[in-house]
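Worksheet: the structure to be examined is printed underneath.
The values are calculated or read from the model by the stated rules, or taken from the named source; none is laboratory data. The model shown is predicted, which means the values in this text are computed figures rather than measured ones. Here the Cβ positions follow ideal geometry from the backbone for every residue, glycine too, while neighbour counts run over all protein chains shown.
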Amino acid sequence: MVNKSISEINNRIKDGSVNVVTAEEMVGIVAELGAQGAAREVDVVTTGTFGAMCSSGVFLNFGHAEPPIKMQKVWLNDVEAYTGVAAVDAYIGATQVSETLGMEYGGAHVIEDLIRGNTIDVHAISPGTDCYPRKILDTTLDINDLNQAIMLNPRNAYQKYNAATNSTSQKLYTYMGSLMPNYGNVTYSGAGVLSPLSNDPEYRTIGTGTRIFLGGTQGYIVGQGTQHSSKSGFGTLMLQGDLKEMDAEFVRASTFTGYGVSLYVGMGIPIPILDEKVALATAVSDADIITQVMDYGIPTRDRPVVRGVTYEELRSGSIEIKGREVTTSSLSSFKRSRQIAGILKDWISHGEFFLSQPAERLPSDTVSKPMKQTRGTAMVRDIMAKDVMTIHKNASVFDAAKMIMDVSFNHLPVVTENNILVGIITAWDISKAVAQNTFDLVENIMTRKVITATDTEQVTIAARRLEQHGVSAMPVVDEQHHVIGIITSDDISMLFARRN
Amino acid sequence: MKIRIIINRDIVTKPILAEAIIETGIPLNIAQAHFDSTTGEIIADIEDTEYRMIKNALVSRGAEVLRLDTPINWDEEECVECGGCISVCPTKVFSMDEEWNLKVDTTKCIQCGTCIEMCPHDALSLDV
Ligand code: SF4
Ligand code: SF4
């Protein structure tokens, strides 16, 4: 039985006899010496990760102006920061986008600019009060002019992340990057073998007050992160650190095309090897960490799982989906994750970093609930027109023209004798046919690639599809592709107008 | 070298590629082809010495021919070596070595621009 305390380990750090390895190195050590042998030999295992962590931001204190202002709203390089806290405190969130540049520049870029020592234009407004009379403030400052710049990230370092792919025939732009059509690629995040929480999944050594590597300097774990869902293996951490000490090498702004701004954060946790149980947990390898490939083509909260996968498979460069080899891409940098685990190892071996005893362990039994929605969410079936007029594919253009006139409806779904949808025809198609003198069959002038909806879909989802394809109506079909209704952009605008 | 051949709507149905190949006797090694109702676009590999002849043969038939000699620019300062670009590039320009360094083989680039949208760190660009 090995039984070490944090203060024993700290004494070894002080006298230089401490034995530190990275989580990658620990895999082989435990394989060779067994958990007990490894626990005797190794005092600390270092972890590291460097990836997109949207739930990040920085508290800033600007000091008081003369005459003073109680900032009601403040913008940093045109990116709004939250000021609902005291007169000259603000929180700049990583994903907030610029009012002028949009997604090209956001809170994450402000944070990186501050670390780099670049100047920031500050613009603030206020209604003015007796104690804070100033109404408008404009100034330019850099990080040294701030009293505090404290990074406080509500949710970082997910224990593991789902991987992403796309079953649809359209390219998708997501927070998991570009997802190519027809399972064209797979993207994933996280550091696998080096992932901090995967190396102590029961939080036996990690908790409130644990000293960590954050953004190139020492930071701390505040406690559980938001959405901490330890029961399902998706634990998260809330972190804090001094932005003034950070290095832009480990805090980088990013933009995901079509999605938005995010911040790449580098963090690492040292795990004290208190006993063989802890040692065994840090022996986790890429092959042991299992996650799921989700289909981002289905825009729901619970996306369909395409397959289970290990980090070893993801890291091999390709995995099999539906009988085909699909290339994988990481969005986190494994090289930088390794670098972080290495730096932490150096700090500890050189007596520059001491371990801390957590004041409180992280909760291990929480689940993350879905949102409670109290307003009914309208379904396509609630607003679609059910008495939809359709036309047979062998009807003449003349018949179609007549029908459109009679029902004064712009879109006619084209069907077979069994009411199966094969196309759509609009008043415009008919005018075109007439202008070109092609008095043909409907089948020959219809649009064959029809954008459709199903009756059990939420209107919000159908509305987005209408918008993306630039059409104004979609036939509603059942599973056999029978036409059971039609939904138009007018129906949708009316629904939303009623709500507002 | 790589070339891009653009064939627009009025000639898209004519066999101009076949004609140009027969006329010049130069085989076109087609790397990518994309056709829709308005245009056709072909990326092909040819020998440098054959460029003039094949270009003339195609241009005289109404096609547009561009040399793809300014491949993707990679800004190593901005790059964090995540590897996001690897899975979206159609010609496998990007790869990781054993130490997880990003390797960029620009000779394979067909200047499609897909990786530029993917890169979260604005590290990739094409000269326009
Ligand atoms: S431009 Fe296209 S071919 Fe060139 S590197 Fe990027 S994705 Fe690959
Ligand atoms: S996606 Fe961009 S940052 Fe990531 S490896 Fe490729 S070039 Fe570098």
Take the conditions closer than 30 Å to B:Cys85 by Cα, surrounded by fewer than 20 Cβ atoms within 10 Å (Cβ to Cβ) and of a type in the set (Gly, Ala, Ser) and apply them to A:Ser198. Does it pass? no
Qualifying residue in region B:52-62 (condition: under 16 Å from the mean Cα position of the chain (by Cα) and within 16 Å of ligand 1 (Cβ to nearest atom)): no
For B:Thr49, state whether it is away from chain A (no Cβ under 12 Å), within 14 Å of ligand 1 (Cβ to nearest atom) and either at negative phi or modelled with pLDDT under 95 (or both). no
Determine, yes or no, whether A:Gly184 is assigned to a loop (DSSP other than H, G, I, E, B), crowded, with 24+ Cβ neighbours inside 10 Å and not acidic (Asp, Glu). no
Does A:Thr456 satisfy being touching a residue at least 40 places away in the same chain (Cβ under 8 Å), surrounded by fewer than 17 Cβ atoms within 10 Å (Cβ to Cβ) and not in a loop (DSSP other than H, G, I, E, B)? no
Outside the structural domain of B:Glu41 (by TED's automatic domain parsing), more than 8 Å from ligand 1 (Cβ to nearest atom) and crowded, with 17+ Cβ neighbours inside 10 Å - does that describe any residue in region B:97-109? yes
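Per-residue answers, yes or no, for (1) more than 16 Å from ligand 2 (Cβ to nearest atom); (2) of a type in the set (S, T, N, Q); (3) free of Cβ contacts under 8 Å to residues at least 60 places away in the same chain; (4) away from every other protein chain (no Cβ under 14 Å):
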site	(1), (2), (3), (4)
B:Ile21	yes, no, yes, yes
B:Asn56	yes, yes, yes, yes
B:Asn73	no, yes, yes, yes
B:Cys79	no, no, yes, no
B:Ile86	no, no, yes, no
Name every residue in region B:94-128 that is aliphatic (A, V, I, L, M) and more than 10 Å from ligand 2 (Cβ to nearest atom), in order of residue number. B:Ile110, B:Leu126, B:Val128
What strands (runs of 3 or more DSSP E) lie completely within region A:289-363 and have 1 or more residues being of a type in the set (Asp, Glu) and away from every other protein chain (no Cβ under 14 Å)? A:290-295, A:318-321
Criterion violated by B:Ser60 - all others in (1) free of Cβ contacts under 8 Å to residues at least 12 places away in the same chain; (2) more than 14 Å from chain A (Cβ to nearest Cβ); (3) within 16 Å of ligand 2 (Cβ to nearest atom) satisfied: (3)
Any idea which of (1) more than 13 Å from ligand 1 (Cβ to nearest atom); (2) out of contact with any Ser or Thr (no Cβ under 8 Å at 6 or more places or on another chain); (3) of a type in the set (Val, Ile, Thr) is the one B:Val80 doesn't satisfy? (2)
